[in-house]
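Asks: Encoded as structure tokens, here's the structure I'll be asking about.
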């Protein structure tokens, strides 16, 4: 392995481990709405290291969450969509890995993109796999939009606050050497 890949690989392992630890502290309300803190280290890595490393980190996180028994998918398709594709999509935040003078704006845009795309996949999964849990009188589409929309919004706000604080305290954390 070339020396140039050792540091990004080590950082990816550390950030994925942080995401797994934070998954222990995610907040779930009535199995419907949730705050997912795992997005924070995965978004930070994607912003710091770029698209490829962000996608790899999302894939590793999703696979480890399944292997470690953190999640129990309903089916292969549901597990693949919500625990492989959705976390991988957080890596799209790496599209904003640039040498811009306004890195804070990049942190905000990258976070919003990553969380939006992730929860879009959860929205689709809600329609396809979780429709039986729709509240009485609610269409499957509306139920999934409300539950995943609120969860995505709560997660995005928390990620923006925490990443914003981290950026203000240690802006170099968002720049790879």
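Asks: To test your reading of the geometry: what angle, between 0 and 90 degrees and rounded to tens, separates the Cα axis of helix 140-169 from the longest principal axis of the chain?
Replies: With both axes taken from Cα atoms, the answer is about 20 degrees.
Asks: Let me ask something else about it. Return a whole-number percent for the relative contact order of the chain, with Cα pairs under 8 Å and 6 or more residues apart as the contact set.
Replies: Values: 258 pairs, mean separation 41.8, N = 177.
Once divided by the residue count of the chain, the mean separation gives 24 percent.
Asks: Just rank 51, 163, 18, fewest to most, by other beta-carbon atoms within 10 angstrom.
Replies: With the fewest neighbours first, 51, 163, 18 line up as 51, 18, 163.
Asks: Take the Cα of residue 24, step 7 Å along the line toward its Cβ, and report every residue of the range 160-177 whose backbone nitrogen sits under 18 Å from that point.
Replies: The answer is none, because no backbone nitrogen lies closer than 18 Å to the label point.
Asks: Still on this structure, I have one more. Only one of the listed values, (i) 19.5, 71; (ii) 16.3, 59; (iii) 15.5, 44, was derived from the coordinates as Rg and Dmax of the Cα atoms in Å; which label is it?
Replies: (ii)
Asks: Now, a different point. In degrees between 0 and 90, to the nearest 10, how far off the longest principal axis of the chain does helix 103-129 point, with axes built from Cα atoms?
Replies: The angle comes out at about 30 degrees.
Asks: Can you tell me the orientation of helix 51-67 relative to the chain, as the angle in degrees between its alpha-carbon axis and the longest Cα principal axis, to the nearest 10?
Replies: It works out to around 50 degrees.
Asks: Here's a follow-up. Name the shape class, rounded, prolate or oblate, that the alpha-carbon gyration tensor gives for the range 52-157, where a ≥ b ≥ c are the square roots of its eigenvalues, rounded holds for a/c under 1.5, and otherwise prolate holds if a/b is larger than b/c and oblate otherwise. Write down the numbers at each step before the final one.
Replies: Details: a/c = 3.05, a/b = 1.45, b/c = 2.11.
In terms of gyration-tensor shape, oblate.
Asks: Sort the range 15-90 into rounded, prolate or oblate with this rule: let a ≥ b ≥ c be the square roots of the eigenvalues of the Cα gyration tensor; rounded if a/c is under 1.5, and if a/c is not under 1.5, prolate when a/b is larger than b/c, oblate otherwise.
Replies: On the way: a/c = 1.85, a/b = 1.31, b/c = 1.41.
Cα axes put the range 15-90 in the oblate bin.
Asks: While we're looking at this one, here's another question. Roughly speaking, what is the centre-to-centre gap between the range 1-67 and the range 133-177 when only Cα atoms are used, to the nearest Å?
Replies: 15
Bear in mind these aren't lab numbers, they're just calculated from the coordinates by the rules spelled out. Please read these numbers as outputs of a predicted model, since none were measured by experiment. In this analysis, Cβ positions are derived from the backbone assuming ideal geometry, glycine residues included, and neighbour counts consider all displayed protein chains.
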